[in-house]
1. Being of a type in the set (Gly, Ala, Ser) and within 16 Å of ligand 1 (Cβ to nearest atom) is the filter; apply it to region 243-276 and report the residue that is nearest to residue 183 (Cα to Cα).
2. Quick check: anything in region 300-310 among the aliphatic types (A, V, I, L, M) and within 15 Å of residue 337 (Cα to Cα)?
3. Within region 350-370, does at least one residue satisfy the condition of being of a type in the set (Phe, Trp, Tyr), within 16 Å of ligand 2 (Cβ to nearest atom) and farther than 30 Å from residue 89 by Cα?
4. Take the residues of region 146-166 that are part of a loop (DSSP other than H, G, I, E, B) and touching a residue at least 40 places away in the same chain (Cβ under 8 Å): which is nearest to ligand 1 (Cβ to nearest atom)?
5. Just the residues that are in contact with a Ser or Thr (Cβ under 8 Å, 6 or more places away or on another chain) and over 23 Å from residue 158 (Cα atoms), please, taken from region 189-245.
6. Out of the residues in region 203-242 that are hydroxyl-bearing (Ser, Thr, Tyr), modelled with pLDDT of 95 or more and not in a helix (DSSP H, G or I), state the one that is nearest to residue 176 (Cα to Cα).
7. For residues that are away from ligand 1 (no atom under 16 Å from the Cβ) and hydrophobic (A, V, I, L, M, F, W, C), scanning just region 287-300, find the one that is farthest from residue 105 (Cα to Cα).
8. Looking for something within 21 Å of residue 289 (Cα to Cα), small (Gly, Ala, Ser) and away from ligand 1 (no atom under 16 Å from the Cβ) - is there at least one such residue anywhere in region 334-343?
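The values are calculated or read from the model by the stated rules, or taken from the named source; none is laboratory data. Keep in mind that this is a model prediction, so the values were computed, not measured. Quick reminder, even Gly has a Cβ in these numbers, built from the backbone with ideal geometry, and neighbours come from all protein chains shown.
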Amino acid sequence: MKLLVKNIGIKKLIVGAAVVAGILIASTSGVGEDPGSYRFSRTPGVTAGGYPLPLTGEVIATDTVVVKREGAEVVSYPEIYVPGRETLGEDEMRILCIGSGNPDLRIGQAATGWAVELGNGEKFVFDIGGGTVGNLWSLGASPAEFDKLFITHLHLDHVGGIFGMFDAMGWSRNVPLQVWGPSGATEENGTAAFVENVQKASSWHIESKTGIAPSEGMTMVAHEFDYYNFTEEEPNQLIYNENGVKVYAFPVIHTIAGSVGYRLEWNGMSMAFSGDTEPSTLVAQQSKGVDVFIHEAFISAEAFAEKKSVTMEIAENVVDGAHTTAGTLGQLFEIAQPVLGVATHYSLDDDLIDPFFKEVEEIYEGPVAIAQDMMVINVTPDQIVTRMVMPDELSWPEPASELEEKPEIGELSDQERPEWITNTRIY
Ligand SMILES: [Zn+2]
Ligand SMILES: [Zn+2]
C-alpha cells in the first residue's frame with residue numbers, strides 16, 4: 001500500500017501542473033482542441049488493488065514521477081504528452097512505447113516496439129512488431145528521422161511491422177533504413193538474410209511504383225553483428241557508437257541462437273531493453289543501474305491457459321519455456337536496481353494488473369510500471385516522468401528533410417497489364 005499512496009500523491013502534483021501547461025499548449029498550437037483518442041475511451045476505473053485499468057489514459061505504475069537524486073527539483077510536465085507540442089530538452093531522453101504487446105495483436109495493444117528520442121536529435125527504434133508503425137508515425141517526427149532500427153530477435157511479433165517502416169516511396173525517407181541485429185546459427189536465420197528477404201519480398205511493390213515516385217528510401221542496410229562473438233568473459237558488444245550514443249547488445253535466453261537485448265547510453269542516461277527472454281542474471285547484470293529497464297513479462301501459465309483456452313501443458317511450454325513471469329521479474333529488478341523498471345510484452349486485461357504487482361512487490365520495492373501502447377517516459381539527469389501520449393490519430397507524417405540532390409523518379413516499369421483490362425478504365 002505504501003507505494004500506492006506515493007502514486008496518488010504524485011498524480012495530484014501532475015494534475016496541478018497540467019493547468020499551467022494547458023495554457024502554454026493552447027498558445028503555441030493555434031489550432032482547435034487537443035486531439036481525442038479512442039485509446040482513452042475505456043471508462044476510467046481502478047483495480048481492487050488501486051491501480052488504473054488499462055487504456056483509460058492513466059499510467060499503470062507504482063510511481064509516475066521518480067526523483068533520481070536527493071534535492072533535485074521536480075519539473076512538472078503537462079498531464080498528457082501531445083506529440084509536436086513539447087520540446088525535448090538538450091539533456092533529455094524520451095522513450096515511447098509504440099507496442100506493448102506480443103503475438104496476440106489487438107487494437108488496444110500492438111506487438112512489440114519502442115522508440116527513443118534523444119536531446120541531441122538522434123532517434124532509434126527497438127523492434128517493430130505488427131501494429132507499431134502507425135503509432136510510430138503519430139509521434140510527430142519525420143519517418144526520415146527514424147531510420148535506425150535495432151532488432152532483438154526475428155520473431156514476427158518483433159519484426160512483423162517492418163514492411164510499414166520500410167515503405168518510404170519518395171515522400172518520407174529518401175535514405176536507406178539501417179537495421180541492426182544479430183547473426184543466427186545459420187546464415188539464413190541472421191538479420192542480414194532477413195533484411196535481404198524483406199527487400200526481395202518487396203519486389204512487386206518497388207517495380208510498381210518506380211517511375212511514379214522516388215524510390216531511394218526503398219533500400220535497407222543490414223548491420224549484422226556476430227552472435228557467437230559474445231563470450232562469458234565479454235558478454236556484450238558495442239554495436240553503435242556515434243554522436244555520444246553507445247548501444248551495446250547482449251545475449252538473452254529465448255528459444256534458439258540469435259536473441260539479444262540492448263543497452264543504450266547517452267549523456268549520463270541509459271535505458272535497456274531485454275526483448276524476449278527467460279529470466280537471466282546476465283540480462284539483469286547488463287542492465288544494471290540503468291534509468292529505465294524495459295523487460296518482458298508474461299502473464300502466468302494459469303492465466304494464459306484460461307484466456308487462450310489451451311492446456312496447462314502448452315501454457316507452461318510458452319510461459320516458462322521462453323518468457324519471464326512477474327515473480328521472476330521482481331528478482332531481475334532486484335539485481336539490476338534500475339531507477340524505473342518497466343514490464344512489457346504483458347497481455348493487458350483488467351484482472352491481470354493486481355496479480356502482476358502482487359508478485360513483483362513480494363520481491364522488489366522500487367518503482368515499476370506496466371507498459372501500455374503510447375506510454376511515454378521522459379528521462380533527465382534529475383527525474384523520470386511517465387505519462388500517456390495522446391496522438392492525433394489522423395496525423396500526417398512530417399515530411400522528409402530536403403536532400404541536396406533531388407531523388408530520382410526513374411523509368412516506369414514495362415511489366416504492363418494486358419491492354420483489355422486498361423481499356424475498361426473510365427474517364
Ligand atoms: Zn515476443
Ligand atoms: Zn520471441
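1. Step by step, filter region 243-276, then rank; the result is 258.
2. Here is the first cut: in region 300-310, the residues among the aliphatic types (A, V, I, L, M) are 301, 303, 305, 310.
Those still in the list that are within 15 Å of residue 337 (Cα to Cα) too: none.
Checking region 300-310: not a single residue is among the aliphatic types (A, V, I, L, M) and within 15 Å of residue 337 (Cα to Cα).
3. Within region 350-370, the first condition is being of a type in the set (Phe, Trp, Tyr), and the residues that meet it are 356-357, 364.
Imposing the further condition that a residue be within 16 Å of ligand 2 (Cβ to nearest atom) reduces the set to none.
No, the conditions are met nowhere in region 350-370.
4. Going through the qualifying residues, I end up with 155.
5. Once the filter is applied, which keeps residues that are in contact with a Ser or Thr (Cβ under 8 Å, 6 or more places away or on another chain) and over 23 Å from residue 158 (Cα atoms), region 189-245 yields 206, 207, 208, 209, 210, 211.
6. My answer is 240.
7. 290
8. As a first pass, look at region 334-343 and keep what is within 21 Å of residue 289 (Cα to Cα): 334-343.
Adding the requirement that they be small (Gly, Ala, Ser) leaves 336, 341, 343.
Imposing the further condition that a residue be away from ligand 1 (no atom under 16 Å from the Cβ) reduces the set to 336, 341.
For region 334-343, residues within 21 Å of residue 289 (Cα to Cα), small (Gly, Ala, Ser) and away from ligand 1 (no atom under 16 Å from the Cβ): present.
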